[in-house]
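The values are calculated or read from the model by the stated rules, or taken from the named source; none is laboratory data. Treat the numbers as computed from the prediction; the structure is a model and nothing was measured. For neighbour counting, all protein chains shown are included, and Cβ atoms are generated from backbone atoms with ideal geometry for every residue, glycine included. Heavy atoms of the whole protein, side chains included, go into the accessibility calculation; ligands, DNA and RNA do not. Shrake-Rupley method; radii C 1.70, N 1.55, O 1.52, S 1.80 Å.
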Amino acid sequence: MSAHAATADGKQLNYLNCEKGLWSWIMSIDHKRIGLMYLASILSFFVVGGVFALLVRAELFSHGKTLYGPDDYNVFFTLHGVIMIFLFIVPGIPATLGNFLLPLMIGAKDVIFPRLNRFTYWLYLFGAAIAFCAIFMRLDTGWTFYAPYSIQNRWAVVTATAAAFFLGFASILTGLNFLVTIHNMRAPGMTWGRLPLFVWTLYASAILQIVATPVIGITLLLLLLENTMGIGIFNPAAGGDPVLFEHLFWFYSHPVVYIMILPAMGVVSEIIPVFSKKPIFGYKALVYASVGIAAVSFLVWGHHMFVAGMSNLSRYIFSFLTFFVAVPTAVKVFNWVSTMYKGSISWDTPMLYAMAFVFLFLIAGTTGVHLATLGTDAHYHDTYFVVAHFHYTIQGGAVIGLFAGLHFWFPKMFGRMYNEKVAKFAWLFLFIGFNGTFIPQFILGMEGMPRRYYDYPIEFEPLHRISSIFAFINAAGYAMVLGNLFYAVFKGKKCEENPFHSLSLEWTTASPPIHDNFVQIPRVTTWTYGYGAEHAAEGEAVH
Amino acid sequence: MFTFMPEQASEWAPYVDWLNDYITNISVFCILGITAVMLYFAIRYRRRGPDDVTPYITHSASLETAWTVVPTVICFFVFYYGFESYHEMRNPPANAMEVNVTGVKWRWDFEYSNGKRTTNELVVPIGRAVKLIMRSQDTTHSFFIPAMRVKEDVLSTVYSYLWFTPTKLGEYHIFCAEYCGLQHSGMLGKLRVVSEGEFGDYLYDRQDPEAVELPPAELGKLKFAEKGCTACHSIDGSKGLGPSLKGVFGGDHVMSDGSVVKADENYIRESIVYSQKKIVKGFEGIVMPAFEGQLSEAEVNGLIAYLKTL
Ligand SMILES: [Cu+2]
Ligand SMILES: [Cu+2]
């Protein structure tokens, strides 16, 4: 292991204490510090977005007016979506865990463009600041900004789209930085076939970030010009076409789901082998599945528009193509579960999150089939069924994946351990709260409850009430998780360098790592997943 | 299993529900099955200590092929059933009763072929196919009747349509499913399915003369003469300055660039309002005036209804 340098007072020197003061953080080009700053930022926005979610659920508790009027409601559900999507979960795992871990996992000192990385973070914050202005301008278009409604809402939309435009650039640049890093910065011996699966998923989502995000950038720019100059691209009154906006919007916004979810799948693929003490099952299939999902995800955007006035032929084609996303997703699930076969399975918190992920993602995936199927989508489109489906994907998938990763790599990041009992208890709260919130919403959707409704017919009230109550339990779970982790950053028990006995490269260096990650760039001779009795010692992949 | 679908009140609601059940059953089976296996492994192979011995298993070509192929096959079936049912939903029968629907922030206006107009209340006879021809006057809306299992966006740029055959008497919700602003959730309508007899009384109820205006086709006939269409268009098949409009609706028309266009509501509307967008082959030299801004929404709909009768 690494030889540790020490500070004057005898403490080990690491990336956290090697430089001190606010300025040293602001100006830092260390990927680990940038990752932590991203983490602090996105989690703060997560809390804000969560507060808006609770406001929405509180209003929906009763039929009729409960707390406030429809104008506020429309603003709140819009802000919930905009903040959660653009400020929290799009940067999500890549900007936080990805930034922190990518160089460590491939045996590099940093990403290839550290200054660009710093610029990206501040660009992201700049975009976030503009987005916050939109909060005060009562943006009420929904996070989808559909024209022509979004054309009547001029300044709030101009502000929000400008914000999303900058945030998009931050996303593109992060993707670019990661892609080039993975190509050029791998340590000697870290071949493509040995690359950890988390890195593979970062690679796949980096491609999506680079290719898909410019499209939303252009689209939002056009919407901005439509609002300010009336160029007549999307506005029917000026000869434009609102359906064109939907096409362009979803050309980005379908792949973006995979920008969010693929890295979460990567996290789970890292956790399950470690906590099962088994090699990942079907490494190659998982790699192909990741890249395959990324590729297919460009061809299915029309499934958001089955009833939006597309030609019948396009509806048939987009439905057909959408089914091709289901297959690689199913393959992944089978591989994860098989990895556990005959393992030595620890029930530590990261593994609980990983198992919750598998279960929740199964529900997300199968309800996606209901929506990909034309005959049933005609009924489900724009109902609570869709709302529940994408919360299972994004919250049950991407957010649970993020927290799985945070609990797993927490000792790596801080050299400290959170309180395991509290962590498990919070996990249970989250799990129950989450399912209790959204299972009733599946039922509401089946019954025909449309989304984005301030009020609803009285017969929907009981299920709305259940959903609202559990939403608060869900929030309490998140409060516990965040409180537990935040406390542990400063007061957690100091722990071993590699408490979970992972064989992955990032654990071979000190925890927390030194500023340069490795004292010496490592030479890689094995793949990452050499768990299992006989062969682990030999360390060679039988692959 | 696990169906909470609303009442089945249209001809294909049972089919949609069957399909939904089919998918749900497979899903529940997979979710419970895979989760059970996962939990079984988690308990059966629970860690006893740090020195547990585990086997080194990396992959299995046969297993992995199996679990790629099986879901693929299932997916094909599901796609096919979904396609089959939907294909029917998108192809209304020729004899369907037509009703014009206009989405306006935040209400639904309906217009029957005899000129009767209603707001937020659509009444249809049981057992007869109904085709709704829909257009928005402002932003995008979406017309949704859960009990009929139909939904389609209502745009301000083109006519969209949907159809269904009601099979059960009763009253059902009509929702707007596309977010349209302040009163989106208040854009509620009521669908009443009544008997043939009751429908006749309803349609020809002249108690309330306010609600009944000139039937669209008659209004169209009037405007056709008034706006001078007759100067160029015959209705008996003989050629004038413009093509005869006899049987114009529904036919395939060859344009000056060689393309073939099917004359549906959208084409006819465009031919009248923006007449220069597509020129009929053989009539390149004569300019039909564009009627953009000179005809009200109801007059355009009326002209279309009239041309359909020719
Ligand atoms: Cu999608
Ligand atoms: Cu609406």
**Q.** Scope segment A:127-156; condition within 13 Å of chain B (Cβ to nearest Cβ), hydrophobic (A, V, I, L, M, F, W, C) and surrounded by 23 or more Cβ atoms within 10 Å (Cβ to Cβ); matching residues
**A.** A:Leu139, A:Phe145, A:Ala147, A:Ile151
Q: Identify the single condition in (1) within 16 Å of ligand 2 (Cβ to nearest atom); (2) open to solvent by 20 Å² or more (accessible area, probe 1.4 Å); (3) β-branched (Val, Ile, Thr) that B:Thr68 does not satisfy, given that it satisfies every other one.
A: (1)
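Yes or no, residue by residue, for (1) assigned to a helix (DSSP H, G or I); (2) under 14 Å from the mean Cα position of the chain (by Cα):
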position: A:Leu54; (1), (2): yes, no
position: A:His63; (1), (2): no, no
position: A:Thr66; (1), (2): no, no
position: A:Asn74; (1), (2): yes, no
position: A:Thr78; (1), (2): yes, no
position: A:Ile93; (1), (2): yes, yes
position: A:Lys109; (1), (2): no, no
Q. Any idea how many residues of segment A:304-341 are open to solvent by less than 30 Å² (accessible area, probe 1.4 Å), within 12 Å of ligand 1 (Cβ to nearest atom) and more than 10 Å from chain B (Cβ to nearest Cβ)?
A. 1
Q) Is at least one residue of segment A:270-291 surrounded by 20 or more Cβ atoms within 10 Å (Cβ to Cβ), within 7 Å of chain B (Cβ to nearest Cβ) and of a type in the set (Gly, Ala, Ser)? A) yes
Q.
Looking at the structure I just gave you, is A:Leu299 out of contact with any strand residue (DSSP E or B) (no Cβ under 6 Å at 6 or more places or on another chain), within 14 Å of ligand 1 (Cβ to nearest atom) and assigned to a loop (DSSP other than H, G, I, E, B)?
A. yes
Q | Tabulated pairs, segment A:384-397, first part of a helix (DSSP H, G or I), second of a type in the set (Lys, Arg), C-beta under 7 angstrom, 6+ apart or interchain | A | A:Tyr384/A:Arg451; A:Val386/A:Arg451; A:Val387/A:Arg451
(Q) Restricting to segment A:30-47, count the residues that are open to solvent by less than 10 Å² (accessible area, probe 1.4 Å) and assigned to a helix (DSSP H, G or I). (A) 7
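Residue by residue, here is whether (1) within 16 Å of ligand 2 (Cβ to nearest atom); (2) more than 24 Å from the chain's Cα centre (by Cα) holds:
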| residue | (1), (2) |
| --- | --- |
| A:Ile280 | no, no |
| A:Tyr283 | no, no |
| A:Ile293 | no, no |
| A:Leu299 | no, no |
| A:Gly309 | yes, yes |
| A:Tyr316 | no, yes |
| A:Ser319 | no, yes |
| A:Val333 | no, no |
Q. Before we move on, is A:His254 within 14 Å of another protein chain (Cβ to nearest Cβ) and within 16 Å of ligand 1 (Cβ to nearest atom)?
A. no
Q) Got at least one residue in segment B:98-111 being part of a loop (DSSP other than H, G, I, E, B), assigned by TED's automatic domain parsing to the domain that holds B:Tyr179 and more than 16 Å from ligand 1 (Cβ to nearest atom)? A) yes
Q) Mind checking which pairs have a first residue in segment A:248-263 that is modelled with pLDDT under 95 and a second that is β-branched (Val, Ile, Thr) and within 16 Å of ligand 2 (Cβ to nearest atom), Cβ under 7 Å, 6 or more apart or different chains? A) A:Phe249/A:Thr144
Q) Can you tell me how many residues in segment B:62-90 are at pLDDT below 90 and either in contact with a His (Cβ under 9 Å, 6 or more places away or on another chain) or more than 7 Å from every other protein chain (Cβ to nearest Cβ) (or both)? A) 3
Q: Answer yes if at least one residue in segment A:204-214 is open to solvent by 10 Å² or more (accessible area, probe 1.4 Å) and over 30 Å from B:Thr140 (Cα atoms), and no otherwise.
A: yes
